[in-house]
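The values are calculated or read from the model by the stated rules, or taken from the named source; none is laboratory data. This is a predicted model, so every value here is computed, not measured. Because the Cβ atoms are built from the backbone with ideal geometry, glycine has one as well, and the counts that use them run over all protein chains shown.
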Amino acid sequence: MEILKPAVAGTLESSDAQVTVEPGSQGIELALTSSVMNQYGRQIKATVLETLKRLDVSNAKVTVIDKGALDCTLKARVECAVFRSCGASGGNIPWGGAVR
Amino acid sequence: MKNAVGRDIPESLLTGGREVYQGKNYMDGRYIQKAAPYTRRCETPRESKLTESIAKALKDCGAKSGMTFSFHHHLRDGDYVVNMVMKSAIEELGLTDLTIAATSLGAAHDPVAGYIEQGRVIGIQTSGIRGRIGEVVSAGRLKTPAVIRSHGGRPRAIEGGEVHIDIAFIAAPTSDCMGNCRGIGGKSNCGSLGYAMTDAKYADHVVVITDCLVDFPNMPASVEAIDVDSVVVVGSIGDSRKIASAAARISQNPRDLMMAENVAKVIASTPYFKDGFSFQTGVGGPSLAANLFLEKYMDERNIKMGWAIGGICGPMVELLKKGKVGKVIDVQDFDLDGVNSINQTPGHFEMSASQYANPANKGAFVNKLDYVVLAALEIDTGFNVNVLTGSDGVLRGAPGGHPDTAAGSKCCIIVTPLIRGRMATVCEHVVTVTTPGDCVDVLVTDYGIAVNPTRPDLAACLDAAKIPHVTIEELKEKAYSLVGRPDDLEWEDQVVAVLEARDGTILDVVRKIKPYT
């Protein structure tokens, strides 16, 4: 998918993550901050990149402000931000396909 | 050298007969030579010890660079006294190389972090270490490693001469002109002054700082005029709204209540649950709520609690007023109900920190405890508990009375959710061991209960009461299945804090954290 416009998903509540995607042209530029950086920073990064790959996003500026979200939450927030950025979050979500 | 909880303690710390932790009650039966303070005779009758300023009181007590000043934390997050004294000592008198020996330090004391960074404060001895002080110490900015002790370990160290207090500062809600202090009757009341008592007896000099001067004699005094050099009246010793919350409320969170109910079930299944039993609970959500469910079981079996100790709050005072607990003995108050009850409600008494928890005296209350219910930041598969360092390795907690009550009680129950956000509370290795696993008996989480294998007798009690329990390894795996397996923290070599076991051996060290890259 191609990131067409800036979009946000998620909150700054504890156990959530706020994911912002913006159009980019130099691959994935990920900026990550997390309240559990020392112990889970590596895993959070991997989850975000893997989710973007599954959605076929190859160029984007991605900002993740993580407040201790579980992996399932992180995936959902990344997916939602990407679909919103393409104006595709209104319906026909490929449940069980690109979104699992 | 590896200690009994598997922590590697640098040989460089093992000087002057200092040993690594060997297991609970290791020091039993040994003799100690108690230290005595070097004090001034006040033989000529005087009308008053009122002194016009903190600076003048410091000068009168011979304050100089390199000294150790002590403080107590009954004013909690509302305390103004630590900052007032340190400002006067450093900015007015120009002192440096000072050590702060406090019963606890918190967010109220952020300005001290600045003095650490300037090198004016070079030593910290405390139970609690939080806020900016925790951050700068974790970053390696304090000249000597901080020494972290439990509430019982501190009076032991003071009485044994390991900590020599040059000047003790008493934050007194009321005092008379000679220095008889009480924690009630003023405008910034804190109730018990238990943590200040040992300091006042063992310090060379004692300065009372109050914002409510009352008629002589202020009785019954928690800190007595016979130990006091000077009395300074200031505008305010603290922000009363932050000293004690209006009331420690019982949690309505269904997860907390479920855990609290299970704690009460566990207690009711053990043989110590009989008329006259003794009890301490923390004021955290599920720990405090355990009171409520326990009362139900007490009514059912028609038994009463003999006595309760600890930090005291409203729900315990309620039980006392209802006649369901015989006596409440109080080292610190957490809410206004506790503050307004001490020495007022019949059966509600004050005690010193030494009387509460000191392992080296001959009769601390913790040693007669049947049950204690405590929280944890982390607990590992060896039942070792961490209540000091966050998951990022930064100092932000306090052992408090945790290790003392755990070691003294017949049944120590840790109650904690299995995960907090993404952090696994039940884990393979805690960041820092603050309470050794040989003192912890039962773990209650929202995903199940585990009994320490060293206590097959308690496991049998749970079985008899048909309370399901699993191994702590199963709970750990459940936690990791939800949050993922955490990466190990990475540390520099520099030791930033030494964690003393309550008996004075070294339980663990905290090193400087390597930032995430």
Qualifying residues in the stretch B:205-228 (those that are assigned to a loop (DSSP other than H, G, I, E, B) and within 27 Å of the chain's Cα centre (by Cα)) - the one nearest to residue B:194 (Cα to Cα):
B:222
May I ask you to list the residues in the stretch B:407-435 that are under 27 Å from residue B:505 (Cα atoms), of a type in the set (Gly, Ala, Ser) and outside any helix (DSSP H, G or I)?
B:409
Could you check, for the stretch B:33-54, whether at least one of its residues is within 29 Å of residue B:7 (Cβ to Cβ), touching an Asp or Glu at 6+ places or on another chain (Cβ under 8 Å) and either modelled with pLDDT under 95 or outside any helix (DSSP H, G or I) (or both)?
yes
If you take the residues of the stretch B:247-263 that are more than 24 Å from the chain's Cα centre (by Cα) and in a helix (DSSP H, G or I), which of them is surrounded by the fewest Cβ atoms within 10 Å (Cβ to Cβ)?
B:254
Candidate set: the stretch B:322-351, residues that are crowded, with 22+ Cβ neighbours inside 10 Å and of a type in the set (Gly, Ala, Ser); chosen: the one farthest from residue B:405 (Cα to Cα):
B:341
Provide a single number: the residues in the stretch A:35-62 that are surrounded by fewer than 18 Cβ atoms within 10 Å (Cβ to Cβ) and among the polar types (S, T, N, Q).
2
Residue pairs qualifying under the 6 Å Cβ cut-off, at least six apart or on distinct chains, with the first in the stretch A:59-70 being within 14 Å of chain B (Cβ to nearest Cβ) and the second being part of a strand (DSSP E or B) and buried (at least 24 other Cβ atoms within 10 Å of the Cβ), are A:64/A:17; A:64/A:19; A:66/A:17; A:69/A:17
Can we say residue B:242 is at pLDDT 95 or above and in a helix (DSSP H, G or I)?
no
Between residues in the stretch B:360-374 that are surrounded by fewer than 24 Cβ atoms within 10 Å (Cβ to Cβ) and modelled with pLDDT of 95 or more and residues that are of a type in the set (Ser, Thr, Tyr) and in a loop (DSSP other than H, G, I, E, B), which pairs lie under 8 Å by C-beta distance while being six or more apart or on different chains?
B:370/B:272; B:370/B:409
So which residues in the stretch A:17-33 are closer than 28 Å to residue B:488 by Cβ and buried (at least 21 other Cβ atoms within 10 Å of the Cβ)?
A:17, A:19
If we ask which residues in the stretch B:76-118 are modelled with pLDDT under 95 and either under 16 Å from residue B:148 (Cβ atoms) or assigned to a loop (DSSP other than H, G, I, E, B) (or both), their number turns out to be 1
Please state which of the following conditions residue B:425 fails to meet, knowing it meets all the rest: (1) touching a Pro at 6+ places or on another chain (Cβ under 7 Å); (2) away from chain A (no Cβ under 14 Å).
(2)
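Out of B:478, B:466, I need the residue that is within 14 Å of chain A (Cβ to nearest Cβ), outside any strand (DSSP E or B), more than 30 Å from residue B:124 (Cα to Cα) and among the basic types (Lys, Arg). Which one?
B:478
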Taking only the stretch B:390-423 into account, find how many residues are of a type in the set (Gly, Ala, Ser), surrounded by 24 or more Cβ atoms within 10 Å (Cβ to Cβ) and over 17 Å from the mean Cα position of the chain (by Cα).
1
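Is the stretch A:36-46 home to any residue that is part of a loop (DSSP other than H, G, I, E, B) and within 13 Å of chain B (Cβ to nearest Cβ)?
yes
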For the stretch B:436-458, how many residues are under 16 Å from residue B:382 (Cα atoms) and either within 14 Å of chain A (Cβ to nearest Cβ) or assigned to a helix (DSSP H, G or I) (or both)?
4
Quick one: how many residues across the stretch B:381-428 are farther than 18 Å from residue B:279 by Cα and without any contact (Cβ under 8 Å) to a residue 60 or more places away in the chain?
10
Check whether at least one residue in the stretch B:163-182 is of a type in the set (Lys, Arg) and out of contact with any Lys or Arg (no Cβ under 9 Å at 6 or more places or on another chain), and report yes or no.
yes
Please specify each residue of the stretch B:489-505 satisfying the condition of being in a strand (DSSP E or B), more than 14 Å from every other protein chain (Cβ to nearest Cβ), in contact (Cβ under 8 Å) with a residue 60 or more places away in the chain and surrounded by fewer than 21 Cβ atoms within 10 Å (Cβ to Cβ).
B:494, B:495
Spot the failing condition for residue B:486; the list is (1) assigned to a strand (DSSP E or B); (2) within 14 Å of chain A (Cβ to nearest Cβ), and only one is missed.
(1)
For residue A:89, all conditions in the list (1) in a loop (DSSP other than H, G, I, E, B); (2) at pLDDT 95 or above; (3) away from chain B (no Cβ under 14 Å) hold save one; what is the number of the exception?
(2)
Take residue B:471 and decide whether it is more than 14 Å from every other protein chain (Cβ to nearest Cβ), hydroxyl-bearing (Ser, Thr, Tyr) and surrounded by 20 or more Cβ atoms within 10 Å (Cβ to Cβ).
no
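For the stretch B:364-393, enumerate the residues that are in a loop (DSSP other than H, G, I, E, B), under 22 Å from residue B:28 (Cα atoms) and in contact with a helix residue (DSSP H, G or I) (Cβ under 8 Å, 6 or more places away or on another chain).
Selection gives B:364, B:369, B:384.
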If we ask which residues in the stretch B:229-246 are under 25 Å from the mean Cα position of the chain (by Cα) and surrounded by 15 or more Cβ atoms within 10 Å (Cβ to Cβ), their number turns out to be 8
Residues of the stretch A:47-75 being closer than 30 Å to residue B:431 by Cβ and assigned to a helix (DSSP H, G or I), in sequence order, are A:47, A:48, A:49, A:50, A:51, A:71, A:72, A:73, A:74, A:75
When the stretch B:23-52 is examined, which residues are found to be surrounded by 14 or more Cβ atoms within 10 Å (Cβ to Cβ) and farther than 30 Å from residue B:502 by Cα?
B:49, B:50, B:51
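Taking the stretch B:307-346, which residues are outside any loop (DSSP other than H, G, I, E, B) and of a type in the set (Phe, Trp, Tyr)?
Residue satisfying the conditions is B:307 alone.
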Of the residues in the stretch B:218-228, those that are closer than 23 Å to residue B:43 by Cβ and either in contact with a Gly (Cβ under 8 Å, 6 or more places away or on another chain) or surrounded by 15 or more Cβ atoms within 10 Å (Cβ to Cβ) (or both) number 7
